[in-house]
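Read-outs throughout are calculated quantities, based only on the coordinates presented, and are distinct from any laboratory measurement. What you see is a predicted model; the values in this text were computed from it and never measured. Cβ coordinates were reconstructed from backbone atoms using ideal geometry, including for glycine residues, and neighbour counts include every protein chain displayed.
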């Protein structure tokens, strides 16, 4: 299967990160696209990607790709790119099971001269401190003598059809100068935006993890402002719009921060810091603020309902959206579940609608049953939690027609509607 001009490449893990990578490389070189999930591989062989990152046309165009869950197909590759998830556990500690398992798997097929590149988000040092020892132990080979490593952090933004894989500058690195140049040249084949060769694997690991820490902290700042301004009866969106008239003001918006990047990556850095004896303060403070926003929103909505003389225990509340972000089917670490839990604590069983979420997954993972949009009738309150395109098409008049009370609550958590327009229709309006 390998060609003389280009080394055979394998991508291990075919989720949001791995699939676009495999498909892009397969335009110019042979690729073994591996995943342990049999159903996922079967799906991709049928040119269907449930994540929505690659279209059937794009998958069909990847003529040199081989989708497989047979690890025997990992015997031939000379370069392995590992793109498995790196989540956190219930205690907010790094869950390294997937990346350790992937390292063991690759190690069992590793040969002299091979390169293993990791793309999973990790704490600085994890590649060489955790993954390399596994590769050495399983393969019996010596690091930087028999095999080599690289790190090139993923920068995929799920659901984003503008800032796609090839249009985002790729950070690259290698375990020695020669490997670093080879890894950089490899990615330069597909990344039209260019590459940035970091001086070491640890620098590349650090750059990735602080990208999301920075965003997390900026969102935490405006979330805290939102809480303060709400106490002052000041509209946060109006304040931000005024502030954004200055050329160097950063346009962050308040909201619930979920997903598998911003809400997870900071804990990787703080875990390593604490392991080294340093107690991070600002990063963890930002995490606490952002993790509190779903509960804050829930209580604020309940208060609004009470002011509208809605009997909480008998109320009908509709939630638009369950995924962690708009126009994306991913439900991992969605903060909408925290919002639902808050409502349930008050005796409300909300009607949840989401055209992007997989109903079987929501039921299996969260014990949540999604409803048909036809059930959004006779409502006392509506929460626009995730602004999918389908929901953005709803006019305020349409939402008002779904309500049965004279002063229903409209919780527009992303601020997609105009406050004055909503209130003119009788809504008791709320936004973060």
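Between segment 231-246 and segment 311-376, the alpha-carbon centres lie 29 Å apart. Counting every C-alpha pair in segment 312-432, the share spaced more than 21 angstrom apart comes to 33%. Against the main long axis of the alpha-carbon atoms of the chain, helix 97-107 sits at an angle near 20°.
Of the beta bridges in the chain, as assigned by DSSP with both residues counted there, near 5 percent are antiparallel.
Quote the relative contact order of segment 1-147 in percent (integer), defining contacts as alpha-carbon pairs under 8 Å separated by 6+ residues. Show your work: numbers first, answer last.
Values: 255 pairs, mean separation 33.3, N = 147.
RCO, segment 1-147: 23 percent.
Overall size of segment 238-342 from C-alpha positions, given as principal axis extents largest first: 53, 36, 28 Å.
Mean separation of Cα pairs under 8 Å and 6 or more residues apart, divided by the residue count, gives segment 218-360 a relative contact order of 23 percent. What is the Cα centroid distance between segment 160-191 and segment 377-432, reported in whole angstrom? With segment 160-191 and segment 377-432 each reduced to a Cα centre, they are spaced 44 Å. Using the empirical formula 2.2 N^0.38 Å as the baseline, the Cα radius of gyration of segment 9-209 reaches a ratio of 0.95. For segment 1-66, what relative contact order do you get, as a whole percent, if you take Cα pairs closer than 8 Å and at least 6 residues apart? It rounds to 35 percent for segment 1-66.
Report, in deg cm²/dmol and to the nearest 500, the calculated mean residue ellipticity at 222 nm for the chain, where each DSSP H run with n ≥ 4 adds -39500 (n - 2.57) and the sum is divided by the residue count. Each step should come with its number before you reach the end.
Values: 16 runs with 162 residues, N = 432.
My calculation for the chain gives -11000 deg cm²/dmol from helical runs alone.
For the pair residue 163 and residue 108, label points projected 7 Å from Cα toward Cβ lie 3.8 nm apart. The ranking of 356, 247, 346 by Cβ neighbour count inside 10 Å, starting from the fewest, reads 247, 346, 356. Counting only alpha carbon atoms, the long axis of helix 336-345 and the longest principal axis of the chain meet at about 40°.
Helix 293-307 axis versus longest C-alpha principal axis of the chain: approximately 10°, rounded to the nearest ten.
Can you tell me the FRET efficiency between residue 233 and residue 282 if r is taken as the Cβ-Cβ distance and R0 is 35 Å, rounded to the nearest 0.05?
In this case the efficiency is close to 0.75.
Cα extents for the chain along the principal axes, largest to smallest and rounded to whole angstrom: 73, 48, 39. For the chain, with a Gaussian network of springs between Cα atoms less than 10 Å apart, report the residue from 263, 298, 46 with the top mean-square fluctuation. Maximum fluctuation in the GNM of the chain, among the listed residues, is at 46. Structure remark: mean-square fluctuation, Gaussian network model of the chain, C-alpha springs under 10 Å; the largest value among 169, 121, 323 belongs to 169. Springs between Cα atoms under 10 Å define the GNM used for the chain, and in it the highest mean-square fluctuation of 305, 256, 232 occurs at 232.
Output the direction-averaged projected area (hull surface divided by four) of the convex hull of the alpha-carbon atoms of segment 32-76, in nm². All intermediate terms of the calculation are to be shown ahead of the outcome.
Numbers: hull surface 12.3 nm².
Convex hull of Cα atoms, orientation-averaged projection: 3.1 nm².
Distance from the alpha carbon centroid of segment 18-70 to that of segment 78-142 works out to 21 angstrom.
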